[in-house]
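Read through the structure below, which is laid out as structure tokens, and then see the notes.
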Amino acid sequence: MNDASAPYDVAVVGGGPAGLSAAIALAQTGARTALIARRAPYADNRTTALLGGSVDFLQALDVWPRCRDNAAALQAMRLVDDTGRLIRAPEVRFSAGEIGLEEFGYNIENRLLIAALEQRAAELPALTRFDDEADTVSPADADVTIHTALGKSLRARLVAGADGRQSLCREAAGIAVKRRPLHQAALTFNVGHSRPHRNISTEFHTPQGPCVFVPLPGDRSSVVWVSAPKEAERLIALSDDELSEAAETQSHSILGRLRVEPGRHLFPLAIEQPAHFARHRTALVGEAAHVIPPIGAQGLNLGLRDAADIADLVREAMVSGEDPGAPQVLNRYDSSRRADVLSRTFAIDIANRSLLSDFLPMQSLRAAGLHLIGSFGPLRRIAMREGLAPSWRSTRRVG
Ligand SMILES: Cc1cc2nc3c(=O)[nH]c(=O)nc-3n(C[C@H](O)[C@H](O)[C@H](O)COP(=O)(O)OP(=O)(O)OC[C@H]3O[C@@H](n4cnc5c(N)ncnc54)[C@H](O)[C@@H]3O)c2cc1C
């Protein structure tokens with residue numbers, strides 16, 4: 001396949017963490033892969049709690065050794081009911097040791113994860129990078145034609161649409177998307193603190209949403225503070241001193257004195273679900289395929305499972321001489337992602353709704369559920385394992 005005008009096996013559109021991971025995984029299968037993604041500094045200060053198989057996947061991509069030292073192990077997780085309501089749930093503590101693990105996963109700043117992904121992507125001979133944007137994407141029977149903003153044109157048998165929430169690839173494939181705004185916003189910032197986090201992530205459940213302190217290397221943590229949009233606007237406008245104090249109060253000083261670091265971002269929350277995960281020579285990856293609130297740290301973990309699955313299916317198709325963009329390959333991808341994405345979205349939506357609900361019976365049910373999980377070991381262990389990755393998921397090979 002040295003003919004420059006021949007279609008690529010796959011073109012990945014979008015260079016966020018999901019797109020870069022998909023491009024590396026696909027190129028590692030030997031598929032001739034194009035990546036259309038602007039090289040730009042990562043624009044926000046989000047971090048990712050990489051859970052379950054995500055670290056193994058990044059290891060198989062030869063990315064994990066390049067960023068491991070920038071990540072903090074997550075060994076325990078506390079859920080604290082801070083609603084101040086009449087019926088409150090008891091504190092629940094999950095420890096990785098209880099399910100035979102040293103840690104649930106690792107928390108890393110997205111910009112450092114992206115830097116490691118970029119470095120690995122640049123090494124792969126099967127991966128051609130276009131520092132550009134897709135301007136038009138036109139799926140047809142035999143392949144997909146992409147015209148870029150800088151005037152390039154290329155064809156591919158399959159497009160991996162990893163172009164985020166406003167996915168052009170999804171629209172070009174005629175895939176409808178259901179959107180539900182949540183009337184909540186997440187404020188993100190990082191803090192330094194005077195007491196050690198001891199690798200424990202703590203989630204305070206407030207009547208407006210959770211506020212989570214997730215360990216970073218050293219005496220630092222990332223904060224995701226979910227609240228009503230107006231409250232989020234108020235918080236983001238505070239001075240450094242005021243926000244440090246507000247965060248310290250919200251954390252009940254468990255980390256001692258807090259000092260916010262430069263940089264804060266606000267994310268309006270929504271749930272988005274496409275009608276199909278793949279169609280018309282296009283497979284959706286990352287937030288093009290699912291937007292969920294940052295509760296339980298599931299979003300990019302799902303995105304990495306999308307990347308692993310599409311790479312595996314493309315490898316299998318090519319080994320058996322199939323066209324990687326053929327309808328039967330896309331159907332396999334659709335069914336492999338559907339159950340995972342829908343079950344996670346459902347669980348997170350229920351967890352969020354039960355926290356926000358003013359309905360007393362719902363509050364009692366939530367408190368009873370958490371009480372049961374907190375006090376009954378086998379149930380707690382099931383919850384922990386399911387929180388890391390779906391138990392029914394087969395282990396996929398990548399690399
Ligand atoms: C506050 C918050 C906290 C979170 N915490 C966690 C967590 O702890 N764990 C977790 O697993 N998930 C978490 N998530 C979710 C996670 O951040 C997202 O799932 C993830 O960043 C999405 O990555 P992506 O690559 O799909 O999309 P994006 O990062 O949005 O990347 C899409 C890329 O495509 C590019 N693009 C768009 N259009 C085009 C085009 N036409 N041509 C070329 N490129 C294009 C964009 O410029 C962008 O670079 C969190 C989310 C939020 C909001």
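Every read-out reported here was derived from the displayed coordinates using simple, explicitly stated rules and does not represent laboratory data. Note that the coordinates shown come from a computational prediction; the quantities given were computed from them, not determined experimentally.
Considering only 63, 319, 285, the Gaussian network model of the chain with Cα springs below 10 Å gives its largest mean-square fluctuation to 319. Using a Gaussian network model of the chain in which every pair of alpha carbons under 10 angstrom is joined by a spring, one finds that among 221, 251, 54 the greatest mean-square fluctuation is at 251. The range 27-68 and the range 159-209 have Cα centres lying 18 Å from one another.
Using a cutoff of 8 angstrom between alpha carbon atoms and counting only pairs six or more residues apart, the relative contact order for the range 241-399 works out to 19 percent. Across the range 82-124 the C-alpha pair distances fall into 10 Å bins from zero in the proportions 20, 21, 25, 22, 9, 3 percent. Mean-square fluctuations from a GNM of the chain, with a 10 angstrom spring cutoff on Cα atoms, peak among 156, 283, 367 at 367. Working note: Cα atoms of the range 243-343, range along each principal axis, descending, whole Å: 61, 25, 24. Here the mean projected area of the convex hull built on the C-alpha positions of the chain is 19.1 nm².
For the range 72-208, calculate the relative contact order in percent as a whole number, restricting contacts to Cα pairs under 8 Å that are 6 or more residues apart.
The normalised contact order for the range 72-208 reaches 32 percent.
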